[in-house]
Amino acid sequence: MSNLQAVLFDVDGTLANTERDGHRIGFNKAFEEAGLDWHWDVELYGELLEVTGGKERIRHFLSRFYPEMLDEEGIDERIAGLHKRKTHYYLNLLRAGEIPLRPGVERLLQDCRDAGLRLAIATTTTPENVTTLLEATLGPESIDWFEVIAAGDIVPAKKPAPDIYTYTLEKMSLRPDECVALEDSGNGIKSTNQAHIPTLITVNGYTETEDFTGARAVVDQFGMPGSPLRLISGDLGEAEMITVDVLRRLV
Ligand code: XBP
Ligand code: MG
């Protein structure tokens, strides 16, 4: 008998491909507006994704290319200011409907709701980015589908640290083995592994070559009728789509 009580969703790269055509564009607009000649192209951004969190990613970029800037007075405020403007531009993209959900996400959320599973979000991104993505793609009522939206700076350390997942489990009074986490990245699986939560990975262009040791299964998408998933590793039987039954078998 499966023990599955709750499904914990990552956001960036899992619910939607937000990075290349979303966050990256927002960062570049903020840099341009500030009169900086920094430009994060698709390839460089892929490398910078090694570090989660937008402010942390700017700091990581500086440590690689402009390390002397990190010693400047007021650098923390400057990074926070750039990040605030980046969030503004990113939210505009979301509100304009530029970033759709990945295939099968809406179907799977509905399937989980119909089955009475509890839902939560555990992400590194800024809380407003999550609620705006949900509003823009599923409607404002969808925010209430999630019992907990754990996001951004509410925990001391971002992924790959387990903090955001342990925070979510604590809030929901759940044990790790009563949940499944849905993630897309190496940093995501490192986080869930340390939190001991069984995890399914759905890869995307930026993460497909990462190390997913510990994942119960790795797929290329959740799948839709007429658009079956491709199993990359693990055993999902003959499943063509990630459904609640498939998730139950992972726990
Ligand atoms: C997501 C991230 C975030 C976003 C940017 O990681 O790394 O940093 O790129 O969000 P995960 P903010 O999917 O593992 O949670 O700029 O709002 O921090
Ligand atoms: Mg992610």
query = Is at least one residue of the range 15-22 buried (at least 18 other Cβ atoms within 10 Å of the Cβ), modelled with pLDDT of 95 or more and among the hydroxyl-bearing types (Ser, Thr, Tyr)?
reply = yes
For residue 80, state whether it is more than 14 Å from residue 124 (Cβ to Cβ), more than 16 Å from ligand 2 (Cβ to nearest atom), free of Cβ contacts under 8 Å to residues at least 40 places away in the same chain and surrounded by fewer than 21 Cβ atoms within 10 Å (Cβ to Cβ).
-> yes
Within the range 67-104, residues being farther than 12 Å from residue 30 by Cβ and among the charged types (D, E, K, R) number 9
Output for Cβ contacts, cut-off 9 Å, separation at least six or different chains, first residue at negative phi and of a type in the set (Phe, Trp, Tyr) in the range 83-111, second part of a helix (DSSP H, G or I) and more than 15 Å from ligand 1 (Cβ to nearest atom), reads 89/33
Of (1) closer than 19 Å to residue 146 by Cβ; (2) away from ligand 1 (no atom under 12 Å from the Cβ); (3) touching a residue at least 24 places away in the same chain (Cβ under 8 Å), residue 127 satisfies every one except (2)
Among helices (runs of 4 or more DSSP H) entirely inside the range 1-107, those with 3 or more residues being aliphatic (A, V, I, L, M) are 42-48, 75-95
Quick one: is residue 64 closer than 28 Å to residue 156 by Cα, touching a helix residue (DSSP H, G or I) at 6+ places or on another chain (Cβ under 9 Å) and more than 16 Å from ligand 1 (Cβ to nearest atom)? yes
Per the filter on the range 130-162, residues without any contact (Cβ under 8 Å) to a residue 40 or more places away in the chain, more than 21 Å from residue 117 (Cα to Cα) and outside any helix (DSSP H, G or I) are 155, 156, 157, 161, 162
Got at least one residue in the range 176-188 being assigned to a loop (DSSP other than H, G, I, E, B), more than 19 Å from residue 124 (Cβ to Cβ) and away from ligand 1 (no atom under 16 Å from the Cβ)? no
How many residues of the range 23-50 are within 13 Å of ligand 2 (Cβ to nearest atom) and either of a type in the set (A, V, I, L, M) or crowded, with 19+ Cβ neighbours inside 10 Å (or both)? The answer is 2
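The values are calculated or read from the model by the stated rules, or taken from the named source; none is laboratory data. As the structure is a computational prediction, the values presented were derived from the model and not from experiment. For neighbour counting, all protein chains shown are included, and Cβ atoms are generated from backbone atoms with ideal geometry for every residue, glycine included.
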